[in-house]
Amino acid sequence: MRNQDNRKKKLATWQKLWSYLDDYKQILIIDCNHMSATLLQEVREVLRPFNAVLLIDKNTMIKAGIRKKMERPKKGDKDYKTRQRSYRPIPELEKLIELCSGNVGLIFCKDRLFEIKNKLKNFREMKKSRVGYIAPHDFVVHPGPVNTRHSYTTLFDDLKIPIVKEETEIVRKGKRINSKQHAYLENLMSYPFTCKLSIPYAYDNGFVYDASVLDIGKKGVIEQLRKAANELTAISLHIGYLHALAIRQSISFAFRNMVAFALATDYDFEQSLPIKEKIRKIELAKQEAEEVEERKRQETERQMEEELFIGMDLFGDYDEY
């Protein structure tokens with residue numbers, strides 16, 4: 001009887017998973033380590049306006065359900081007719097199986113991944129210390145007074161902590177807490193650890209990428225696309241292979257070469273005439289400016305000669321003396 005109940009429960013979980021895989025093409029993978037049922041319920045409430053759902057179960061159950069979904073129905077199966085109608089090969093789900101390790105949850109979304117991740121990134125929970133508990137982050141004691149009783153000062157000696165001298169690490173992220181560390185942490189703080197909801201990966205129509213990509217934003221995406229387009233254009237021009245992105249630059253370079261040829265020879269074409277006319281006007285203006293400058297210089301020299309002549313005439317010729 002118990003085995004039958006387990007089979008029914010497993011089949012119900014699989015059917016829910018299969019319906020989600022058919023209806024949703026985008027999935028956020030969340031790390032459920034250190035997450036309480038209360039926090040996960042709050043996550044479900046946040047997801048409702050986005051028409052997204054959260055599925056949490058044993059990773060072995062999820063993996064088995066995905067593999068069953070990928071498996072072609074056989075005539076001997078009890079649900080052959082039901083699965084045969086909706087079956088289609090989905091080899092890309094193999095990538096999703098690789099991500100289902102440890103305590104994970106799947107958030108099935110239809111769109112707006114960026115907004116959902118922004119809503120969930122501030123979810124955090126205070127955690128107490130327990131013996132055997134895996135530390136979610138480093139815990140460091142800084143120099144200064146600590147809130148502990150005199151009877152607990154021997155813990156500092158046991159943990160080899162120099163009291164009020166230097167910054168000391170009590171426990172490292174990912175390590176299990178032993179009894180001595182637990183006693184010190186419990187005495188020092190009621191809730192020494194802060195656990196944040198972590199979203200390490202995103203799955204989108206068979207593509208898996210780091211969820212940190214969703215933090216870039218629209219401006220960042222546009223900037224990255226512009227940078228990639230510029231690099232591709234530069235490569236295309238350098239190797240001489242014409243690409244759609246480099247057409248504008250290629251036409252511009254060719255036009256400049258034709259104009260340079262027209263300026264160096266008597267050959268003209270319609271587009272070069274305005275440029276030649278503009279260059280001619282510039283040269284004329286430059287020539288006129290040079291002529292004006294030359295006239296000013298000559299006028300200045302003439303005035304200096306006249307002043308010198310007037311001075312010599314006022315005092316007479318030196319030969320008379």
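The values are calculated or read from the model by the stated rules, or taken from the named source; none is laboratory data. Predicted, not measured: the structure shown is a model, and the values here were computed from it. Please note: Cβ atoms are built from the backbone with ideal geometry, for glycine as well, and neighbour counts cover all protein chains shown. Protein only, heavy atoms only, side chains kept; ligands, DNA and RNA dropped before computing areas. Shrake-Rupley method; radii C 1.70, N 1.55, O 1.52, S 1.80 Å.
Miscellaneous remarks
- Residues (in contact (Cβ under 8 Å) with a residue 40 or more places away in the chain and not in a loop (DSSP other than H, G, I, E, B)) located in region 65-97: Gly65, Ile66, Lys68, Lys69, Ser86, Leu93, Lys95, Leu96
- Among the residues of region 59-109, those that are small (Gly, Ala, Ser) and either crowded, with 16+ Cβ neighbours inside 10 Å or over 24 Å from Asn33 (Cβ atoms) (or both) comprise Ala64, Gly65, Gly76, Ser86, Gly105.
- Any pair with Cβ under 8 angstrom, 6 or more apart, that starts in region 204-231 at a residue that is over 22 Å from Tyr24 (Cα atoms) and ends at one that is assigned to a helix (DSSP H, G or I): Ile216/Gln224; Gly217/Phe114; Ala229/Leu245
- Residue within region 252-268 that is under 30 Å from Tyr203 (Cα atoms) and either open to solvent by 80 Å² or more (accessible area, probe 1.4 Å) or at pLDDT below 85 (or both) present: no
- Candidates Gly240, Gly220: the one that is under 49 Å from the mean Cα position of the chain (by Cα), open to solvent by less than 60 Å² (accessible area, probe 1.4 Å) and of a type outside the set (D, E, K, R) is Gly220.
- When restricted to residues that are within 21 Å of Leu113 (Cα to Cα) and without any contact (Cβ under 8 Å) to a residue 12 or more places away in the chain, region 1-49 contains 6.
- Output for region 1-58, where each listed residue is part of a loop (DSSP other than H, G, I, E, B), open to solvent by less than 30 Å² (accessible area, probe 1.4 Å) and out of contact with any Gly (no Cβ under 9 Å at 6 or more places or on another chain): Tyr24, Ser36, Ala52
- Members of region 98-132 that are closer than 25 Å to Trp14 by Cβ, in a loop (DSSP other than H, G, I, E, B) and either of a type in the set (S, T, N, Q) or touching a strand residue (DSSP E or B) at 6+ places or on another chain (Cβ under 6 Å) (or both): Ser101, Asn103
- Within the option set Leu197, Leu214, Leu225, being under 13 Å from the mean Cα position of the chain (by Cα), among the hydrophobic types (A, V, I, L, M, F, W, C) and either under 14 Å from Ile116 (Cβ atoms) or surrounded by 13 or more Cβ atoms within 10 Å (Cβ to Cβ) (or both) holds for one residue only, Leu214.
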